[in-house]
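In what follows, a single structure is set out as structure tokens and then discussed.
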Amino acid sequence: MQIEIIEMEETRCRFLLKDASHAEANALRRTLISDIPKMAIDQVEFHLGPIMADGKEYESVTPLFDEVVAHRLGLVPIPTDLELMSFRDECVCGGEGCPNCIVMYSLNKIGPCTVYSGDLLPLGHEAFKVRDPLIPIVTLSDGQAVLIYAIAEMGTGKRHVKWQATTGVGYKYLPIVTIDEKKCDQGMQCVNRCPRKVFDNVGGRPVVSRIYDCTLCNTCAEECDQQAIEVLSEPCEFVFEFETDGSMSCALALETALLIMEAGFENFGEMASELDV
């Protein structure tokens, strides 16, 4: 199994998976979705009773139920350092909570205003400050206020979707599009009708320019009156695409997924070798 990077951005990645079976491709997809550790808010404590600010008394209430606000906070992407943080139940503190396994946040806002993710302030290192500060949480009216303390910890997508670091994870067979120059009448139907704009008109001839964008829909072949186009796929090569929610980079997510798969295969091999057959 080999990987060739096609496009690598901070939160978006496209790569080519070579010499792999469909089972191996799907295993990588499931690992990217479910097994990558990630930080997310899991506990939220709301202040009850009036809140005093600037000599004025505010009511500790929002238009939304506390459970809804807590749910929204849980889905805010929290910066994740896999080398620094560990799972709470595996930490040396025995799960009580320490700087090695949890990050505490505070949120203190008075209305009228809209509360955003950027209002979450880490009680500690600034590296854990939310990177996307414009995610709306709740809107406060005049006389309303919130005082919240939240705890983020490590988890995986198997436990809850808020610990899912990647989104839009998918793959397809590598397309193979060939044009028979002898049959092509240069009518350009393929260039004009392709929904993914895979072809370009180069000197009056259709040329495949963006093969990775092809979705194997076969529209180009169907629209070609001369049957000059053939659309096939490579059975052992896959075009992968995914994004991250911003809690970590795509490069880190992909590297972590591959390490998790490698460890899983090694563990399975060791268990299989111990069987009496």
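Looking for something in contact with a Pro (Cβ under 6 Å, 6 or more places away or on another chain) and acidic (Asp, Glu) - is there at least one such residue anywhere in region 89-101?
Pass one, region 89-101, residues in contact with a Pro (Cβ under 6 Å, 6 or more places away or on another chain): none.
So far as region 89-101 goes, no, none of its residues is in contact with a Pro (Cβ under 6 Å, 6 or more places away or on another chain) and acidic (Asp, Glu).
The rows are residues; the columns are (1) in contact with a Leu (Cβ under 8 Å, 6 or more places away or on another chain); (2) within 30 Å of residue 26 (Cα to Cα); (3) at pLDDT 90 or above; (4) not assigned by TED's automatic domain parsing to the domain that holds residue 14.
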position	(1), (2), (3), (4)
174	yes, yes, yes, no
185	no, no, no, no
190	no, no, no, no
196	no, yes, yes, no
207	no, no, yes, no
224	no, no, no, no
231	yes, yes, yes, no
236	no, yes, yes, no
248	yes, yes, yes, yes
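Suppose we keep only residues that are closer than 17 Å to residue 165 by Cβ and among the small types (Gly, Ala, Ser) within region 232-271. Which one would you say is surrounded by the most Cβ atoms within 10 Å (Cβ to Cβ)? Let's see the steps before the verdict.
If we filter region 232-271 for residues that are closer than 17 Å to residue 165 by Cβ, which is where we start, we get 240-261.
So of that shortlist, the ones also among the small types (Gly, Ala, Ser) come out as 246-247, 249, 251, 253, 257.
Details: 246: 18, 247: 24, 249: 16, 251: 14, 253: 26, 257: 24.
This residue is 253.
Please work out which one of (1) free of Cβ contacts under 8 Å to residues at least 40 places away in the same chain; (2) of a type in the set (S, T, N, Q); (3) at negative phi is the condition residue 244 fails and give its number.
(1)
Can residue 230 be described as under 16 Å from residue 175 (Cβ atoms), in contact with a strand residue (DSSP E or B) (Cβ under 7 Å, 6 or more places away or on another chain) and not in a loop (DSSP other than H, G, I, E, B)? Spell out the reasoning first.
Numbers: under 16 Å from residue 175 (Cβ atoms): yes; in contact with a strand residue (DSSP E or B) (Cβ under 7 Å, 6 or more places away or on another chain): yes; not in a loop (DSSP other than H, G, I, E, B): yes.
Taking the combined requirement at face value, the residue satisfies it.
What's the total number of residues in region 1-49 that are of a type in the set (Val, Ile, Thr) and in a loop (DSSP other than H, G, I, E, B)?
Initial filter on region 1-49 (of a type in the set (Val, Ile, Thr)): 3, 5-6, 11, 31, 33, 36, 41, 44.
Add one more test, that the residue is in a loop (DSSP other than H, G, I, E, B), and what stays is 11, 36.
Total meeting the criteria: 2.
The values are calculated or read from the model by the stated rules, or taken from the named source; none is laboratory data. As the structure is a computational prediction, the values presented were derived from the model and not from experiment. As a convention, Cβ positions derive from the backbone with ideal geometry for all residues, glycine included, and neighbour counts pool all protein chains shown.
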